[in-house]
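Structure first, commentary second.
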Amino acid sequence: MKTRRFFSFFFCILVLLNLSVPAFAADGDVGDWEVEAKAALLIDPDTEEILYARNIHERLYPASLTKIMTCLLVLEAIDNGALSRETVLTASERAVNSIPADGSTAGIKVGEELPVEELLYCIMLSSANEGCNILAEAVSGSIDAFVEKMNAKASALGCEDTRFANTNGLPDANHYTTAWDLYLITRAARTHPDFMPLVGTIYHEVPATNLAEPRKLYTTNYLISSYRTSYYLYKGAEGIKTGSTNDAGHCLVASASRSGRSLLSVVLGAERVTLEDGTVLTKSFVETGRLFDWGFDGFSRKVLLEADELVGEVPVELSQEQNTVKVHPSQEIERLLPNDMNPATDVERTITLKEESVEAPVEKGQVLGQMTLSADGIEYATVDLLADEDVSASRLLVFRRDLLEFLQKPALRLAAAGVAAAAVLILILRAVLKSRRRRYSRSGSRSRRGGGYRGRKR
């Protein structure tokens, strides 16, 4: 099948994202500043359009961002009936004492009894490492079995660069993930109706237990909480999860909404810096806020392509009505684009036809080709091109086409060659026979004349 590619002179762009689509911003550059982190991702979770990407497939330590996966599996266990929110769990010795003393904790004691729901608040607000282990044992029977479940879930979600070695994100050489994989895990968690209310909680009080007085839990996400500082508060922030260790640096998965739009960011490996005036800044919060501002302020939704826009013509054969049919895109396209991008001038459209021409009859809506849209060497999307109207075929032209095709069939041509050869052979045989008869006739004539000679009469 031959194809012909040519460029349309019409305007607009179609922008679609896939799991590996490039970001609109250059790697490491957002406006006139750089994201100060080992890896960063900014994405519209509703459309999966990537606005910014830096080292999003680099394997890094996730610290307590691990707990997003732990929380997701517990919520799914509740849905499956393995647990309930009211199920009371008893903290085992291994669950509590297997974590380092300097790790984040809710102060849960061995033998303490807490409901599943309260343990979820403990792990997602105060990042309680022991709480993860308690829940893991309840879901899978053991911490090791739960970790296997975590890895299986990650694989099912399409995480190609993730391996969990524990339930909480404590340092381990075999415990790593990427910014992209964390997005995939968070995307799955966000679909659960109880996840966002949980991770968006600023303050929660755990009722008294058999071994402890009521606990006051404050989120460690300072984009939504001013409990310790109001410096990082971000209007529209919805929460999710923080994490930090010496090896991982400061990490944050966060979401925010503004004017009907949502953004989700992943920042890994940020530092904590001290300014000249003595102010200490945690860069994971700072960089996340900047990414959100850049995404909300620098991008807007635009109608790029109308479904009824005629973008080209395709030659038509076997029709006496018309010799071309116009084509239009299969759908209207609206996408999130940088405010300074001009679809009319910044985007190249390339049309690829299924054939150089189409034979009638043509049905309205028939797929005749595709349009690919690209800019600066980046391919953004491909959309089907549909016939804009019906085109009937000429019976005479179709008959002529069919006849010619019939005559060109190899079997028919072979048969015709055989008939021709037989005809030639017959002619040759007839000629030979005719020639023999002539010779015989001449010979017989001479013999009859000689046999009748009686000599001269005397």
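Condition check for THR105 on (1) farther than 28 Å from ASP247 by Cβ; (2) surrounded by fewer than 24 Cβ atoms within 10 Å (Cβ to Cβ); (3) at pLDDT 95 or above: one failure, at (1). Counting just the residues of the range 291-308 that are surrounded by 15 or more Cβ atoms within 10 Å (Cβ to Cβ) and in contact with an Asp or Glu (Cβ under 9 Å, 6 or more places away or on another chain), which one comes out nearest to ASP388 (Cα to Cα)? Among residues in the range 291-308 that are surrounded by 15 or more Cβ atoms within 10 Å (Cβ to Cβ) and in contact with an Asp or Glu (Cβ under 9 Å, 6 or more places away or on another chain), the one nearest to ASP388 (Cα to Cα) is LEU305. If only residues of the range 346-364 that are part of a loop (DSSP other than H, G, I, E, B) and of a type in the set (A, V, I, L, M, F, W, C) are counted, the one that is farthest from ALA393 (Cα to Cα) is VAL347. Taken over the range 76-99, residues that are closer than 25 Å to ARG190 by Cα and assigned to a strand (DSSP E or B) amount to 0.
One line per residue, one yes/no per condition, for (1) in contact (Cβ under 8 Å) with a residue 40 or more places away in the chain; (2) surrounded by fewer than 21 Cβ atoms within 10 Å (Cβ to Cβ); (3) part of a helix (DSSP H, G or I):
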| position | (1), (2), (3) |
| --- | --- |
| LEU211 | yes, yes, no |
| THR220 | yes, yes, no |
| SER225 | no, yes, no |
| ARG228 | no, yes, no |
| THR242 | yes, no, no |
| ALA254 | no, no, no |
| LEU264 | yes, no, no |
| VAL273 | no, yes, no |
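Suppose the filter is farther than 30 Å from THR345 by Cβ and either small (Gly, Ala, Ser) or modelled with pLDDT under 65 (or both); does ARG439 pass it? When the stated conditions are applied, ARG439 does not pass them. When residues in the range 262-288 are screened for being touching a helix residue (DSSP H, G or I) at 6+ places or on another chain (Cβ under 9 Å) and aliphatic (A, V, I, L, M), 7 of them pass. Does ALA256 satisfy the criteria of being hydrophobic (A, V, I, L, M, F, W, C), in contact with a helix residue (DSSP H, G or I) (Cβ under 8 Å, 6 or more places away or on another chain), at pLDDT 95 or above and farther than 17 Å from GLU58 by Cα? Yes, satisfied. Picking from residues in the range 174-192 that are in a loop (DSSP other than H, G, I, E, B) and under 22 Å from the mean Cα position of the chain (by Cα), the one that is surrounded by the fewest Cβ atoms within 10 Å (Cβ to Cβ) is THR191. Applying the condition of being assigned to a helix (DSSP H, G or I) and in contact with an Asp or Glu (Cβ under 9 Å, 6 or more places away or on another chain) to the range 146-173 and asking which residue is farthest from ARG59 (Cα to Cα) yields PHE146. Residue pairs whose Cβ atoms lie under 6 Å apart, separated by 6 or more positions or on different chains, with the first residue in the range 169-197 and under 17 Å from VAL147 (Cα atoms) and assigned by TED's automatic domain parsing to the domain that holds ASN133 and the second surrounded by 23 or more Cβ atoms within 10 Å (Cβ to Cβ) and small (Gly, Ala, Ser), are GLY169/ALA63; GLY169/SER64; GLY169/GLY243. Can you tell me how many residues within the range 108-135 are surrounded by 20 or more Cβ atoms within 10 Å (Cβ to Cβ) and not aliphatic (A, V, I, L, M)? Adding up the residues that qualify gives 10. Looking only at residues of the range 22-44 that are modelled with pLDDT of 70 or more and among the small types (Gly, Ala, Ser), we find that the one that is surrounded by the fewest Cβ atoms within 10 Å (Cβ to Cβ) is ALA39. Every test in (1) buried (at least 24 other Cβ atoms within 10 Å of the Cβ); (2) β-branched (Val, Ile, Thr); (3) not in a helix (DSSP H, G or I) is passed by ILE50 save one, and that test is (1). Here LEU135 fulfils each of the conditions (1) outside any helix (DSSP H, G or I); (2) touching a residue at least 60 places away in the same chain (Cβ under 8 Å); (3) not acidic (Asp, Glu) apart from (1).
Screening SER127 against (1) under 34 Å from the mean Cα position of the chain (by Cα); (2) without any contact (Cβ under 8 Å) to a residue 60 or more places away in the chain; (3) closer than 24 Å to GLU205 by Cβ; (4) not in a helix (DSSP H, G or I) leaves a single unmet condition, (2). Note on the range 329-345: among residues that are in a strand (DSSP E or B) and touching a residue at least 40 places away in the same chain (Cβ under 8 Å), the one that is surrounded by the fewest Cβ atoms within 10 Å (Cβ to Cβ) is PRO338.
The values are calculated or read from the model by the stated rules, or taken from the named source; none is laboratory data. Please read these numbers as outputs of a predicted model, since none were measured by experiment. Backbone-built Cβ (ideal geometry, glycine too); neighbour counts: all protein chains shown.
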